[in-house]
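> Got a structure here, written out as structure tokens. Questions coming.
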Amino acid sequence: MSKTLGPVKRAFAPWTDSAAKPAIEFRNVTKSFGDFVAVGGVSLSIYEREFFSLLGPSGCGKTTLMRMLAGFEEPTSGEILLDGKPLAGVPPYRRPVNMMFQSYALFPHMSVEKNIAFGLRQDGMGKAEIEARVKEMLRLVKLEPFAKRKPNQLSGGQRQRVALARSLAKRPKVLLLDEPLGALDKKLREETQFELMDLQMDLGLTFLIVTHDQEEAMTMSDRIGVMNHGKLVQIATPAEIYEQPNSRYVADFIGNINLIEGTVAALPGGGTRLEAPAAGLVVETDQAIAGGSAGVASFAIRPEKVRISLDRPAGALDGVNMIAGEVWDIGYLGDVSIYRVKLANGAVMKATVANTTRLVSRPISWDDKVWLSWSRDAGLVLTD
Amino acid sequence: MRKGLSWFNVTSLTFGFVFLYLPILILVVFSFNRSRLVTVWAGFSTQWYGSLLNNQQMLDAAWVTLRVGVLSATIATVLGTLAAVTLVRYVRFPGRTLFSGMVFAPLVMPDVITGLSLLLLFVAMDVARGFWTITIAHTTFTMCYVAVVVQSRLITLDRSLEEAAMDLGATPLKTFFQVTLPLIMPAVVAGWMLAFTLSLDDLVLANFTTGVGATTLPIKIYSQVRLGVTPEINAVCTILIAIVSVGVIIASIGVKRREAQRIRDERLAATGG
């Protein structure tokens, strides 16, 4: 299967354009159920044609945030605007947004085509027009032969596509997707991710997706909002979230990371020096820390940015940005191997190495004394 | 483990079935008795069924019972379904606990008390007792059974189905008629049948609330039996048993069919074909 590649994607970043008007705007939105604060003071702007993911563990308030946009919950305080118009008091059936439910919520007593036509019938659309639109939707999700089937006569992947077609049929301004791929197996999920992205591009829709799967969010989104305990912790592009997490929470939630706590001090040149004597670690970066004051912080570095060698690396500054340890465990994942290296204080640091040649014997093996090192700009000092 | 039944199983099964069905069997057998005496067998005959057709009083009573049953079951189903929807879907409204308690109170209330209180009400309001008072009484006490049956179905119904309908632009009323009602229909029908059956065999409430010209079948049978059991009564009862049995058989065939359909559907979905 070869796919002709289209023109290179133009950089899409309306959030950097101060003149751009957001399609959806949450203004200091709070939702509490009794004493429990599900969403606490969230402000967020999502732009037209954006693919935005709300990412967080279960119970972090991401679904509540989405349900408030759909109209199933009213904010306790704050306001939500769609195209600049406040949504307060507008019932769900009058909002120009459609939602794809986690359980798909297909009407079991209706055939696939009736399910897709449901929303169109509510609008009083003409019969011929409905028929044409349903056909178009079935073609879009490649389910034409299944039009007469009932939902319980379909497989999980087919049901997911019916749910998608039904929520797209009314051509909503914004499509909300609640864990859209949660019920699919891994392979199908990866395929569907790209289908969803293509669809969003082709139709030029704004997608707001709720997920707890970071890989899914990274693959598909223009921007990601990471949530924790009802608060938006960071809003940024996938690359920024991965490379520039603003807190230990985000760094730890997205991907794999080594976090080592130590004391920091500002360097005269504008950089930062972090020391963790127990682990035998001295780090220097060019990054300036917030406030520039000394205190406790964490050094965060992704395992793939850590080099592993048997010999002591010849660094520019001896003893800085390197650490000695002993190989404690090796995880072979096929494409990469993860080395877990025990440091002087017993803490473990991970380093991934791409398996660039077929592995016959490892140059570095269990119990070897090794050196881990990294460049000045590979890691981050996180104070939050 | 042995596959067959032990002598203990056989005996207990036999005793159980005899206990349940022997009285009914005797009733059915003696409805075909030639003799006028209920306890003496004098050969096979269907004469009592014939004479039943000419018994205008009995036929009138059956007609009244049928009309009361259909009417009260229908009203009770509408009211009971509405009560169930309110109780399940609107979790927070003032007086909810009181309301739910009050809906289900007639379930545990002795019939005699319900009957007496209704009688007092009708007398106080100076309502002429007859067909309509029985219908109202039956609606009152069968409504809560419908509410219980429909409520249990509603609780298991995925709330997001209704949300999806509203999300797609259906008003709450349209959502109810196009999504909720079709999905709880089996429970609504079951509730109607339960209400109808309860109305058919009610004697106590009917006795309290009946008036001139509104004698139901149970009242008729009961008053006749006090004058002595006739084979005609046996014949009426046999017909009732036959109707009920046919209903039960049809219902269970329906359930089996649907189950088979479900298994076929699942196979279709699994093969993806």
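Just so it is clear, none of the values below were taken in a lab; they were calculated from the coordinates. All values derive from a computational prediction rather than experimental measurement. Glycine gets a Cβ as well: all are built from the backbone with ideal geometry, and neighbour counts include every protein chain shown.
> Note the full-extension length gain between B:Ile243 and B:Leu181 as 0.36 nm times their separation in residues minus their Cα-Cα distance, in nm to one decimal.
Separation in residues times 0.36 nm, less the Cα-Cα distance, equals 19.5 nm.
> For chain B, take the longest principal axis of its alpha carbons; what is the angle in degrees between that and the long axis of helix B:231-271, to the nearest 10 within 0 to 90?
Long axis of B:231-271 versus the principal axis of chain B: about 30 degrees.
> Using the Kirkwood formula on the Cα atoms of the protein assembly as shown, what hydrodynamic radius do you get, in angstrom to one decimal?
The answer is 31.8 Å.
> Specify, per residue and in Å³, the volume enclosed by the convex hull of the alpha carbon atoms belonging to region A:130-216.
Cα-based convex hull of region A:130-216, divided per residue, equals 99 Å³.
> Within 10 Å of each Cβ in A:169-177, how many Cβ atoms from other chains are there, averaged over the peptide?
Counting other chains' Cβ atoms within 10 Å and averaging over A:169-177 gives 1.
> State to the nearest 20 debye the size of the charge dipole of the protein assembly as shown about its Cα centre, where the only charges are +1 on K and R beta carbons and -1 on D and E beta carbons.
2200
> Taking 7 Å along the Cα-to-C-beta vector as the label spot, tell me the A:Asp185-A:Lys369 distance in nanometres, rounded to one decimal.
4.9
> Would you mind calculating the relative contact order of region A:73-166 from Cα pairs under 8 angstrom and at least 6 residues apart, reporting the percent as a whole number?
It rounds to 34 percent for region A:73-166.
> Rounded if a/c is under 1.5, else prolate if a/b beats b/c, else oblate: with a ≥ b ≥ c from the C-alpha gyration tensor eigenvalues square-rooted, which is region A:22-67?
Oblate is the answer for region A:22-67, as a/c is 1.5 or above yet b/c matches or exceeds a/b.
> Given the pairs A:Lys150/A:Lys231; A:Lys31/A:Lys142; A:Lys85/A:Lys186; A:Lys114/A:Lys173; A:Lys142/A:Lys173; A:Lys186/A:Lys342, which span a C-alpha to C-alpha distance of over 30 angstrom in this model?
Correct reply: A:Lys150/A:Lys231; A:Lys31/A:Lys142; A:Lys85/A:Lys186; A:Lys186/A:Lys342.
> Arranged by the count of other C-beta atoms within 10 angstrom, fewest first, what order do B:Thr81, B:Thr97 take?
Final ranking by Cβ density, sparse to dense: B:Thr97, B:Thr81.
> Calculate, axis by axis, the spread of Cα positions in region A:256-382 along the three principal axes, and write the results as whole Å, longest axis first.
Extents along the principal axes: 50, 26, 25 Å.
> Under 4 °C and 1.567 mPa s, how fast does region A:74-153 diffuse according to Stokes-Einstein, given a Kirkwood radius computed over C-alpha pairs? Answer in µm²/s, whole number.
87
> Right, something else. What's the long-distance tail for chain B, i.e. % of Cα pairs beyond 31 Å?
Within chain B, distances greater than 31 Å cover 47 percent of Cα pairs.
> Taking a spot 7 Å from the Cα of A:Asp329 along the direction of its beta carbon, which residues of region A:246-281 have an amide N less than 19 Å from it?
A:252-253, A:255-260
> Still on this structure, please answer the following. Restricting attention to region A:46-109, which GluC sites (Glu not before Pro) occupy a DSSP loop and are surrounded by at most 16 other Cβ atoms within 10 Å?
The qualifying sites are A:Glu48.
> Run down the aspartates and glutamates and flag those whose C-alpha is under 19 Å from the C-alpha of B:Lys256, throwing out any fewer than 8 positions away in its chain.
Candidates past the 8-residue exclusion: B:Asp265, B:Glu266.
> For A:Glu25, A:Glu136, what ranking results if the residue with the fewest other Cβ atoms within 10 Å of its Cβ goes first?
So the residues, fewest neighbours to most, are A:Glu136, A:Glu25.
> Same structure, new question: Label-point separation (nm) for B:Ile263 and A:Phe194, each offset 7 Å from Cα along Cα-to-Cβ?
4.1
> Further question: Please arrange B:Tyr145, B:Tyr49 by how many other C-beta atoms lie within 10 Å of their C-beta, fewest to most.
B:Tyr49, B:Tyr145
> Then there is this: In region A:143-235, what percentage of the DSSP-assigned beta bridges are antiparallel, given to the nearest 5?
So the antiparallel bridges amount to about 45 percent of the total.
> With each label point set 7 Å from Cα along the Cα-Cβ vector, what nm distance links A:Met201 and A:Ala265?
Modelled inter-label distance: 5.2 nm.
> Sorted from largest down, what three extents in whole angstroms do the Cα atoms of region A:14-248 have along their principal axes?
Principal axes ranked by extent give 50, 40, 39 Å for the Cα atoms.
> Provide the convex hull volume over Cα atoms per residue for region B:24-72, in Å³.
93
> Please identify the longest segment of chain A free of exposed chymotrypsin sites (Phe, Trp or Tyr not before Pro), where exposed means a DSSP state other than H, G, I, E or B and no more than 15 other Cβ atoms within 10 Å.
A:13-365
> Let me ask another. Just to confirm a number: summing +1 for Lys and Arg and -1 for Asp and Glu over residues other than B:Ile221 whose beta-carbon lies under 15 angstrom from that of B:Ile221, what do you get?
Charge balance near B:Ile221 sits at -2.
> Sort B:169-181, B:116-128, B:61-73 for me by packing, meaning the mean count of neighbouring Cβ atoms within 10 Å per residue, highest on top.
B:61-73, B:169-181, B:116-128
> Quick check: residue separation of A:Ser58 and A:Thr383 times 0.36 nm, minus the Cα distance between them. What number comes out in nm?
114.5 nm
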